[in-house]
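Structure first, then comments.
The values are calculated or read from the model by the stated rules, or taken from the named source; none is laboratory data. Because the structure is predicted, anything quoted here is derived from the model rather than measured. Cβ placement follows ideal geometry from the backbone for every residue including glycine, while neighbour counts extend to all protein chains displayed.
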Protein chains: 4
Amino acid sequence: MAAAPAKTRVAIVGATGYTAYELCRILLWHPHVEITVATTRQEDEPVLSEIHPSLRHLLDLNCTVLDPADLAQKADVVFTCLPHTASMAVIPTLLSEGLKVIDLSADYRLTDPEVYETWYGHVHTDPTRLGVVSYGLPELYRDRIKGQSLIANPGCYTSTSILGLAPLLAARKIEPKGICIDGKSGVSGAGRSPKMNTLYPECNESVSPYSVGNHRHTPEIDQVLTEISQQSVETIFTPHLIPMDRGLMCSIYARPTGACTQQELLTIMREFYAKEPFIRVIDALPRTRDVADTNFCDMTVRVSRGIVQVFSCLDNLIKGASGVAVQNFNLICGYEETLGLLPQK
Amino acid sequence: MAAAPAKTRVAIVGATGYTAYELCRILLWHPHVEITVATTRQEDEPVLSEIHPSLRHLLDLNCTVLDPADLAQKADVVFTCLPHTASMAVIPTLLSEGLKVIDLSADYRLTDPEVYETWYGHVHTDPTRLGVVSYGLPELYRDRIKGQSLIANPGCYTSTSILGLAPLLAARKIEPKGICIDGKSGVSGAGRSPKMNTLYPECNESVSPYSVGNHRHTPEIDQVLTEISQQSVETIFTPHLIPMDRGLMCSIYARPTGACTQQELLTIMREFYAKEPFIRVIDALPRTRDVADTNFCDMTVRVSRGIVQVFSCLDNLIKGASGVAVQNFNLICGYEETLGLLPQK
Amino acid sequence: MAAAPAKTRVAIVGATGYTAYELCRILLWHPHVEITVATTRQEDEPVLSEIHPSLRHLLDLNCTVLDPADLAQKADVVFTCLPHTASMAVIPTLLSEGLKVIDLSADYRLTDPEVYETWYGHVHTDPTRLGVVSYGLPELYRDRIKGQSLIANPGCYTSTSILGLAPLLAARKIEPKGICIDGKSGVSGAGRSPKMNTLYPECNESVSPYSVGNHRHTPEIDQVLTEISQQSVETIFTPHLIPMDRGLMCSIYARPTGACTQQELLTIMREFYAKEPFIRVIDALPRTRDVADTNFCDMTVRVSRGIVQVFSCLDNLIKGASGVAVQNFNLICGYEETLGLLPQK
Amino acid sequence: MAAAPAKTRVAIVGATGYTAYELCRILLWHPHVEITVATTRQEDEPVLSEIHPSLRHLLDLNCTVLDPADLAQKADVVFTCLPHTASMAVIPTLLSEGLKVIDLSADYRLTDPEVYETWYGHVHTDPTRLGVVSYGLPELYRDRIKGQSLIANPGCYTSTSILGLAPLLAARKIEPKGICIDGKSGVSGAGRSPKMNTLYPECNESVSPYSVGNHRHTPEIDQVLTEISQQSVETIFTPHLIPMDRGLMCSIYARPTGACTQQELLTIMREFYAKEPFIRVIDALPRTRDVADTNFCDMTVRVSRGIVQVFSCLDNLIKGASGVAVQNFNLICGYEETLGLLPQK
């Protein structure tokens, strides 16, 4: 394999949101990255650090309106931080311009265009790529990701759930149906567009479930777990909004397939992730605070009264979005996977 | 039955904590209550409004050290807001002095002294009263509570769980075993004693499970639900601490006993509580914000992929502690149950 | 004076915001009030408790679109919770229909239409009422409020600042110019309309000044303090947004007119408010937490290195808006001023 | 000057608190640092990552009890994160062992032992070093810091205030007396020891002033500003606790010495810090959110009605403590000052 380039030029498409901001924050520390383009739909070409004032003095780049041909002159890899449907409208062009793309939207995550249409309410306009695109969860699909030109970066609840469940499902230790995932997410997961339900006085001092029975991460969770464990997995995914900026905890309830001990399951989990730099299987109960601002996913397992409980948590903006996107970036560019995400000593 | 007295004198024993404060706040608006005594272990007899500055100008009472005989001269009803074991050490004396007692601790909630010893790690010193004392959940035990002299006021997670599950268990619509209760509580539930894990910078911006598999509200939930549904109920109760002051949500996962629809279960729930002033069975998904500072318990039910989900929430300090204590107070004194808790129009 | 009516019918015009909600919550406990009308601009006439789910079972009223003639049939007193300019567009008609009006907007607070135009950017369309309307701060203008048909309910920063400064300015103990008011408010003060800067992830974990040098409460503060102290008062008002729902603290810095002691100033403050039920002059430093959900304004004074410091705080939605509106309501209707706001024992 | 060493071994003395944690987090990314020792007073030698679970997999070091001679074998530079008085008890020994020390306590910040005794209530036990030790604010004292063996790392409110005021005082644009500093700090500034007033339910949803007229950062602010501006500076410093983890804003009110415009003052400020990598003088009003988790201090200036207002903010744990400590570390070791704190591209 050829050596990775000394410098890779990166474009952020859709630079106004929280995941784009986190990407910038991470990539600024990456020794081989230069951010050369940031795009928005705003015609007045605002300075990026006006949109994200934390970036002042660090990244004083003017945002431009997306122009794929121009972008292909200025960048090698593109992170698309667009709403679903907007991503698939532009990605085919970006690819045909020779760019590599890491897509943070949901557009290329599902393998079946009909499932996409059912859950997202839109016909998929680039259906031939579905099922071909690599799903960007390196802990499960590292080899498929390396060297690809388009990566479907996973959802935040999805990664938390899948990473927590994969070892026990792969080992056939829990039943694949009736798995209840109780998700709890900070508000940044809802994005930066003004909506009444994410106003401070609406979600502060409150916890509430939402999208019960119909959250779009459900088919994504099931699809990946089904593939990884080679059996039909069906989860009941129930997200809750809780009053914090960032952090996501999935408390998962499953029935064991047979007699099992906590220690045995913990060992399975630990061995499954033995070589993974970003998975910390711990004895203690995890707290989202301990993974905040990191690319770690912390998890543990308990057995209570015949029920297996997995607790898995991560930072929804980092390991749940922009951090894993940088893992994918490193993999497709041939860099050490942890660059920009862990101290390199 | 004799008419309720025009004025009832009330003592708060253990007045420094959050539940004692909420009691004061509620009772100040109760037309038939005069708070005459507040006790603490502090020898310097602080003014109550120095401990709870919100009460300035409203309740400028000097706290005293508990003296049962003196207290019997000055009060008719006592609310004991003491830690477990401290309650059972004093309640027999208070009762023998002729006082009525509503105990907010856990000491009289369980019916079996061995279960108490197992979960609380102390021998029960007043075991003959266990199983005789009325459990103070008026929605289930109103008739047993009326006129009693000692009430075991229920725990906050307990009431949220029991109220949410009782209709479906009583109707035999869900399996009595393997019920998973995912609890999420504000930090005030952990009390007012300084501890590192409830410092602001430890629990802000974080969510974490705790006491998994061994939280003391577990046997209380099971005991009451077993009795109310006449079958052996076993729950897996998993509490989480979330960054807010007050509010408690239980998201409950159960398997149906047979085919059922969401609408059918909602109707059962609604009919079960048709006459209850403090239970609001709603179509929408509940938010703890909407029950904060009220004595309401909001709940609904969903059926997702063959799993029954109940969402039940309340204010842990009010309906979960001091509000239900005032319901019990009204019942044992012969007042209208909603006095002090709902506008009387 | 005639006896106050046993029942007063109340309309809330502009019922979707936070101040309207707090009004409902307070008025539900008022023994002489019946809320008969709630209006919104929404044509589909939503149930009020869908907009404010806390009100379920308490106030299940259908909202209507404002119709002054119809409203005059159904209500006696109107609370207008409208944005500025919208209030003055409708209030003349409401008054001509014989209704009494308490206006929570800023439209009738300033006495000079040119000042209004300068600060609000709109020509005042009802200028002849300016300067005639009573300013609804009962602690200063109780006698002018009684029996009036239109009251200009004060702003939240305004009341906090004025109440804190009035005693010392009236006693000529501090210089009337160069008074620096550092205001700190919870986010509910910014209203319930979706805006990016009040999204949870924008204002959580952050403090920032805003509207420095041009906040619209400035002329209102100066106008009232000038009148009350009979000298030209000029303040530098600097608001800050802090991450909490409700609560407002003004930390005020002023130069003394001559030698003075802290104790002397505290005595002046205490005597000024000796008979006021809602002002608590305290020795300790106040916390907004202690006035939350109450109609109290807590304050104290310090002298540090030749500078006089006043700390004044209240709940921005209650004493800063809807609670003082109920004080005004009681005064114009002839009820006891504290009804609905303090326990009546 | 000799080249800086390729690797410097670092010890953290007093490793359980928040500033120690932030030091670890920063130093892990420093290319020339190896953390070799962490000490606590706990005899059981806990693993550091049990105390700070975020550090799991990153720094799995066993804490030891402080032994200066042993420490001198294992480390080159020591960061002392001890309470005041504990620092001066150990630092002379550390220095005599040949170690370099950056002291995060207040023990060596003041130049006059009597002032220390007055404000800290203890006799200073190492008085001959006072006034000799370099004060570790690199923006003002860079040349004095380089190559030193003991640095007094500044307080958080202190740095925020001094950095905001130094340009205008040095240029004689504001009066040196009567400067009012209204400080607003997140709760992590109060440390990690359990105290009732920093419990989540006590400081959440509340803002309050504290230590008015007697906060220990006052003499430190005055001392440094007096020296830097060569005139006797006297500030009125008034801190407030606000409900957030981290972030510190000082809103400062001063009288101009003569006519001045906002633009003129902004230019003075900008030129004063023209070469400073960590000071961002901005046109907009700053937010603490934009400096959170960074070593930046953001500031601006306004003139309102004849009063000069400076708004200066930083992250209290980083630029206010551990970040500036790393600047000092780099300076005394001969590394590039921004190493570990800014991306090096």
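Matching residues to (1) under 21 Å from A:Ile145 (Cα atoms); (2) of a type in the set (Ser, Thr, Tyr); (3) surrounded by fewer than 23 Cβ atoms within 10 Å (Cβ to Cβ):
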| site | (1), (2), (3) |
| --- | --- |
| A:Ala15 | no, no, no |
| A:Leu28 | no, no, yes |
| A:Glu34 | no, no, yes |
| A:Ala38 | no, no, no |
| A:Arg41 | no, no, yes |
| A:Glu50 | no, no, yes |
| A:Arg56 | no, no, yes |
| A:Asp60 | no, no, yes |
| A:Val77 | yes, no, yes |
Next on the checklist: So in the range B:13-32, with the set limited to residues that are touching a strand residue (DSSP E or B) at 6+ places or on another chain (Cβ under 6 Å) and part of a helix (DSSP H, G or I), which one is nearest to B:Gln344 (Cα to Cα)?
Outcome noted: B:Leu27
Next on the checklist: Just to verify a result, which residue in the range A:326-345, among those that are in contact (Cβ under 8 Å) with a residue 60 or more places away in the chain and touching an Asp or Glu at 6+ places or on another chain (Cβ under 7 Å), is surrounded by the fewest Cβ atoms within 10 Å (Cβ to Cβ)?
Outcome noted: A:Leu331
Next on the checklist: If I ask for residues that are surrounded by 17 or more Cβ atoms within 10 Å (Cβ to Cβ) and assigned to a loop (DSSP other than H, G, I, E, B), which ones from the range B:92-117 would you list?
Outcome noted: B:Leu99, B:Leu104, B:Ser105, B:Ala106, B:Asp107, B:Tyr108, B:Arg109, B:Leu110, B:Thr111
Checklist outcome for this item: Within the range D:105-132, residues more than 25 Å from D:Ser211 (Cβ to Cβ) and either touching a residue at least 40 places away in the same chain (Cβ under 8 Å) or aliphatic (A, V, I, L, M) (or both) come out as D:Val132
Checklist entry - In the range A:140-152, is there at least one residue being within 18 Å of A:Asn214 (Cα to Cα) and either touching a residue at least 12 places away in the same chain (Cβ under 8 Å) or of a type in the set (Gly, Ala, Ser) (or both)? => result no
Next on the checklist: Being outside the structural domain of C:Ala106 (by TED's automatic domain parsing), at positive phi, modelled with pLDDT of 95 or more and not acidic (Asp, Glu) narrows it down to one residue among C:Arg255, C:Arg280, C:Arg305, C:Arg287; which is it?
Outcome noted: C:Arg305
Checklist entry - Pick from B:Phe296, B:Phe311: which is crowded, with 19+ Cβ neighbours inside 10 Å, under 25 Å from the mean Cα position of the chain (by Cα) and without any contact (Cβ under 8 Å) to a residue 24 or more places away in the chain? => result B:Phe296
Checklist entry - Mind checking which residues of the range D:219-248 are within 9 Å of chain C (Cβ to nearest Cβ) and not in a strand (DSSP E or B)? => result D:Glu234, D:Ile242, D:Pro243, D:Met244, D:Asp245, D:Arg246, D:Gly247
Checklist entry - For A:Ala69, are the conditions met, namely being in contact (Cβ under 8 Å) with a residue 40 or more places away in the chain and of a type outside the set (D, E, K, R)? => result no
Next on the checklist: Please go through the range A:240-277 and give me each residue that is among the acidic types (Asp, Glu) and farther than 30 Å from A:Asn204 by Cα, ordered by number.
Outcome noted: A:Glu264, A:Glu271, A:Glu276
Item to check | Residue that is within 23 Å of D:Leu317 (Cβ to Cβ), out of contact with any helix residue (DSSP H, G or I) (no Cβ under 6 Å at 6 or more places or on another chain) and touching a residue at least 24 places away in the same chain (Cβ under 8 Å), where the choices are D:Ile91, D:Ile102 | outcome: D:Ile91
Next on the checklist: Looking at C:Arg216, C:Arg270, can you tell me which residue is farther than 21 Å from C:Met299 by Cα, of a type outside the set (A, V, I, L, M, F, W, C) and either in contact (Cβ under 8 Å) with a residue 60 or more places away in the chain or more than 9 Å from chain D (Cβ to nearest Cβ) (or both)?
Outcome noted: C:Arg216
Checklist outcome for this item: Residue set C:His57, C:His52, C:His30; condition modelled with pLDDT of 95 or more, more than 28 Å from C:Tyr157 (Cβ to Cβ) and of a type outside the set (Val, Ile, Thr); output residue C:His57
Item to check | Long-range neighbours under 7 Å by Cβ, at least six apart or interchain, first residue within 21 Å of C:His57 (Cα to Cα) within the range C:3-25, second outside any helix (DSSP H, G or I) and of a type in the set (Lys, Arg) | outcome: C:Thr16/C:Arg192; C:Gly17/C:Arg192; C:Tyr18/C:Arg192
Item to check | Residue, surrounded by the most Cβ atoms within 10 Å (Cβ to Cβ), within the range B:131-155, restricted to residues that are within 18 Å of B:Ala325 (Cβ to Cβ) and either within 14 Å of chain A (Cβ to nearest Cβ) or small (Gly, Ala, Ser) (or both) | outcome: B:Gly136
Checklist outcome for this item: In the set B:Ser232, B:Ser208, the lone residue that is surrounded by 22 or more Cβ atoms within 10 Å (Cβ to Cβ) and either assigned by TED's automatic domain parsing to the domain that holds B:Gln309 or at positive phi (or both) is B:Ser208
Item to check | Unmet requirement for C:Glu202, which otherwise passes all of (1) surrounded by 24 or more Cβ atoms within 10 Å (Cβ to Cβ); (2) within 21 Å of C:Asp293 (Cβ to Cβ) | outcome: (2)
Checklist entry - Can you find a residue in the range D:174-193 that is surrounded by fewer than 16 Cβ atoms within 10 Å (Cβ to Cβ), among the acidic types (Asp, Glu), modelled with pLDDT of 95 or more and not in a helix (DSSP H, G or I)? => result no
